[in-house]
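So the structure is just underneath, and the comments pick up after that.
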Amino acid sequence: QVQLVESGGGFVQAGGSLRLTCAASTYSFSFHTMAWYRQAPGKQRQFVARISGGGITDYEDSVKGRFTISRDRNSAFLQMNNLKPEDSGVYLCSAIRGATYWGQGTQVTVSS
């Protein structure tokens, strides 16, 4: 059973930075795409960023220029700079190889 574990969330003031990590429990194969999503209370899950196995990246418009996704085989990272209160939420990692796997999430809270 593949597990994804996110870490690095926390409480930060607007303008601050956080670095999220997603670690997979397996190295027996490589995921094709790894991505970050976020979910705020009462809102739908929202795409944030994705990175392909070849390193091609894609971002949601509101985080372009502030967030950077990277990966190291089966770990994914999200560097978040110039954080805004609207970035608050539970950040979840997903990884795809045949099936889509999800982590439990890590809370990010940005105060104004």
* Counting pairs of alpha carbon atoms under 8 Å apart in space and at least six apart in sequence, what relative contact order in percent does the chain give? -> 37 percent
* Carbon and sulfur: what percent of the stretch 24-112's accessible surface (1.4 Å probe)? -> 47 percent
* Structure fact -> With 0.36 nm assigned to each residue of separation and the Cα-Cα distance removed, Ser112 to Ser17 gains 32.8 nm
* Counting Lys +1, Arg +1, Asp -1, Glu -1, what net charge surrounds Arg19 among other residues with beta carbon under 14 Å of its beta carbon? -> -1
* Asked: Which percentage, to the nearest 5, of the DSSP beta bridges contained in the chain is antiparallel?
  -> 90 percent
* Identify which of Leu18, Leu92, Leu78 has the largest mean-square fluctuation in a Gaussian network model of the chain, with springs joining Cα atoms closer than 10 Å. => Leu18
* **Cβ-placed point charges (K, R +1; D, E -1), dipole of the chain about Cα centre in debye, nearest 20** => 80 debye
* Give the shape of the chain as rounded, prolate or oblate, defined through the alpha-carbon gyration tensor: a ≥ b ≥ c are the square roots of its eigenvalues, a/c under 1.5 means rounded, and otherwise the shape is prolate if a/b is larger than b/c and oblate if not. => prolate
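The values are calculated or read from the model by the stated rules, or taken from the named source; none is laboratory data. None of these values were measured; they are calculated from a predicted model. Note that we place each Cβ from the backbone using ideal geometry, even for glycine, and neighbour counts take in every protein chain shown. Just the protein is used for accessible areas: all its heavy atoms, side chains included, with ligands, DNA and RNA removed. Shrake-Rupley method; radii C 1.70, N 1.55, O 1.52, S 1.80 Å.
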